[in-house]
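Worksheet: the structure to be examined is printed underneath.
The values are calculated or read from the model by the stated rules, or taken from the named source; none is laboratory data. Since the model is a prediction, treat every value here as computed from it, not as a measurement. Note that we place each Cβ from the backbone using ideal geometry, even for glycine, and neighbour counts take in every protein chain shown.
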Amino acid sequence: MPGHHKKPIHIIAPDAEAAIYRKAARRLIPFLFLLYLVAFIDRVNVGFAKLQMSGDLEFDEAVYGFGAGIFFLGYFLFEVPSNIILHRVGARRWISRILLVWGLISSAMMFVDSAASFYVLRFLLGVGEAGFFPGIILYLTYWFPARRRAKTTAAFMTAIAIAGVVGGPVSGWIMAGLDGWLGLRGWQWLFLLEGAPAVLLGFATHVFLDDGPAQAGWLAEGERQWLLRRLAEDQQGRDALQGHGSLRQALLSARVWLLALVYFCLALGLYGVSFWLPQIVNDLKQGGLVVTGWLSALPYLLAALVMVAVAHSSDRRHERRWHIAGSALLGGLGLVSLVLVRGSPTGSIAALGLATSGFLAALSIFWSLPTAFLSGRAAAGGIALINCVGSLGGYVGPVILGWVRQHTGSMDAGLYVLAGGMALAAALVAAMGLGPAPTVAGVAKHRERNE
């Protein structure tokens, strides 16, 4: 800020510094967690709806796989412009708009009556939600420096795992308990009731969310100014380390595109399994929809514990690459194990737990890589580019499993393809550097010592 750049930034004691970040995290993370919880449930609840909807509408496995995955084509087309608009108009208004639109479209899925309407509404749902996740990742860079971001991002992304823990039993109960009420099938009630919270949260976001620390009235003036200075120092460090300060530099960066490929591989596994997990569990024939819902929650419960533990380890050791690579390999091992133990309920649930834990642990740390060297408009465009290109894996994964199941009667070959994607992700991340790269935190500490 003008007139303040000469003042020391280390005048706040370490315990007071930690208290400011805790205060910001307590204010923001639970609310952002809730938003992503609702987003992920609305994105993957089609997996539960399939258990009734496919029979009612005579969808084969390939139709379902394509319809589930086409969500990401809409997502892909509008991701980058959405994030650039968010950076320009502010998170409060833009994220609120995203929630309102996707909630209405998600509820409208209850009117699906053909393969064509299924495809159109899933595509529009992707368009409506485009920009939400990378927008939140960008938003976190407005509040937390790079050295604190893996743990913070993991806390936010734990919503994926909790969505599985909560969404499974709730979806099973809705479909079994409300089936036939007021003339609607259980899957129609599922879409209607699980889309409504996003609409309500859209209005709440406009009231609750601040665009950044400068607008945060809940911070004391000294806390606000200190946090702004710390974040400015963090951004200067990123610019100095990598030079990705412009949008054009970010979009032409080989490193950004490499990260997009890594994310493609991780999304291939995550969404391939997420969209088919209810069917995989249902095929174990352990009970009706309610039992399927509860059993589907178990892999996500394990994943929630693993991803937080791995993110804490990554932050504590200031290491990213090997934590991501190891987690990706764990996910691949889980997929291979799922083929090897096919037919065993206990073994299948355990294998799904390993696979889901690996995907989510890798993803919880992954987003600390691009945000460590991108800033400003470059961060808005670069993060969106990585997410939209990488999210095409979310289209390819479900389509592969649907096609393989349709033509072979099992998912085995498709699961091996997804496992290969996890191995490729691990290899790419491991090869990203021959030694530890300098970090923004290191630059900041060096500057502090010389002030």
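Given the conditions (1) in contact (Cβ under 8 Å) with a residue 40 or more places away in the chain; (2) small (G, A, S); (3) in contact with a Gly (Cβ under 8 Å, 6 or more places away or on another chain), and given that S348 satisfies all but one, which numbered condition is not satisfied? The number of the failed condition is (3). For the condition touching a His at 6+ places or on another chain (Cβ under 8 Å) and surrounded by fewer than 24 Cβ atoms within 10 Å (Cβ to Cβ), R88 does not qualify. Looking at this structure, is G382 in a helix (DSSP H, G or I), among the small types (G, A, S) and in contact with a Phe, Trp or Tyr (Cβ under 8 Å, 6 or more places away or on another chain)? Criteria not met by G382.
Go through the range 281-296 and count every residue that is of a type in the set (G, A, S), assigned to a helix (DSSP H, G or I) and either touching a Ser or Thr at 6+ places or on another chain (Cβ under 7 Å) or over 20 Å from I160 (Cα atoms) (or both).
Qualifying residue count for the region: 1.
Considering (1) buried (at least 18 other Cβ atoms within 10 Å of the Cβ); (2) under 13 Å from C265 (Cβ atoms); (3) of a type outside the set (F, W, Y), the lone condition that M411 does not fulfil carries the number (2).
Applying a threshold of 9 Å to beta carbon distances and a minimum spacing of six or more residues, or different chains, the list of pairs starting in the range 21-41 at a residue that is in contact (Cβ under 8 Å) with a residue 60 or more places away in the chain and buried (at least 19 other Cβ atoms within 10 Å of the Cβ) and ending at one that is of a type in the set (G, A, S) and not in a helix (DSSP H, G or I) reads A24/A216. Summed over the range 302-347, the residues that are crowded, with 20+ Cβ neighbours inside 10 Å and not in a helix (DSSP H, G or I) give a count of 1.
Okay, residues lined up against (1) touching a Phe, Trp or Tyr at 6+ places or on another chain (Cβ under 6 Å); (2) polar (S, T, N, Q); (3) at pLDDT below 90:
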{"residue": "L289", "(1), (2), (3)": "no, no, yes"}
{"residue": "L298", "(1), (2), (3)": "no, no, no"}
{"residue": "R317", "(1), (2), (3)": "no, no, yes"}
{"residue": "A328", "(1), (2), (3)": "no, no, no"}
{"residue": "S344", "(1), (2), (3)": "no, yes, no"}
{"residue": "L360", "(1), (2), (3)": "no, no, no"}
{"residue": "L369", "(1), (2), (3)": "no, no, yes"}
{"residue": "G376", "(1), (2), (3)": "no, no, yes"}
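Every test in (1) within 20 Å of the chain's Cα centre (by Cα); (2) farther than 20 Å from V389 by Cα is passed by F123 save one, and that test is (2). Inspect all residues belonging to the range 208-219 and state whether any of them is under 23 Å from the mean Cα position of the chain (by Cα), assigned to a helix (DSSP H, G or I) and at pLDDT 90 or above. Yes - at least one qualifying residue is present in the range 208-219. Counting residues in the range 81-88 that are without any contact (Cβ under 8 Å) to a residue 60 or more places away in the chain, in contact with a Phe, Trp or Tyr (Cβ under 7 Å, 6 or more places away or on another chain) and not polar (S, T, N, Q) gives one or more.
Residues that are buried (at least 22 other Cβ atoms within 10 Å of the Cβ) and assigned to a helix (DSSP H, G or I) within the range 122-135 comprise R122, L125, G126, G128, E129, F132, F133, P134, G135, listed in sequence order.
Each row is one residue, and each column tells you yes or no for (1) surrounded by 22 or more Cβ atoms within 10 Å (Cβ to Cβ); (2) over 21 Å from the mean Cα position of the chain (by Cα); (3) at pLDDT 90 or above; (4) farther than 26 Å from I137 by Cβ.
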| residue | (1), (2), (3), (4) |
| --- | --- |
| I383 | yes, no, no, no |
| N387 | yes, no, no, no |
| S391 | yes, no, no, no |
| Y416 | no, yes, yes, yes |
| A426 | yes, no, yes, no |
| G433 | no, yes, no, no |
| V440 | yes, yes, no, no |
| H446 | no, yes, no, yes |
| R449 | no, yes, no, yes |
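Do we have F144 as outside any helix (DSSP H, G or I) and in contact (Cβ under 8 Å) with a residue 40 or more places away in the chain here? When the stated conditions are applied, F144 passes them.
Would you confirm whether or not the range 186-208 contains a residue that is surrounded by fewer than 18 Cβ atoms within 10 Å (Cβ to Cβ) and under 28 Å from G288 (Cβ atoms)? Yes. Here the helices (runs of 4 or more DSSP H) wholly within the range 28-110 that include at least 2 residues being more than 17 Å from F203 (Cβ to Cβ), modelled with pLDDT of 90 or more and not basic (K, R) are 46-57, 61-69.
Here's the yes/no breakdown for (1) of a type in the set (G, A, S); (2) under 21 Å from L34 (Cβ atoms); (3) in contact with a Phe, Trp or Tyr (Cβ under 9 Å, 6 or more places away or on another chain):
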residue: W94; (1), (2), (3): no, yes, no
residue: L99; (1), (2), (3): no, yes, yes
residue: S114; (1), (2), (3): yes, no, no
residue: F118; (1), (2), (3): no, no, yes
residue: F133; (1), (2), (3): no, yes, yes
residue: A146; (1), (2), (3): yes, no, yes
residue: R149; (1), (2), (3): no, yes, yes
residue: M175; (1), (2), (3): no, no, yes
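The number of residues in the range 263-295 being more than 17 Å from P398 (Cα to Cα) and hydroxyl-bearing (S, T, Y) comes to 1.
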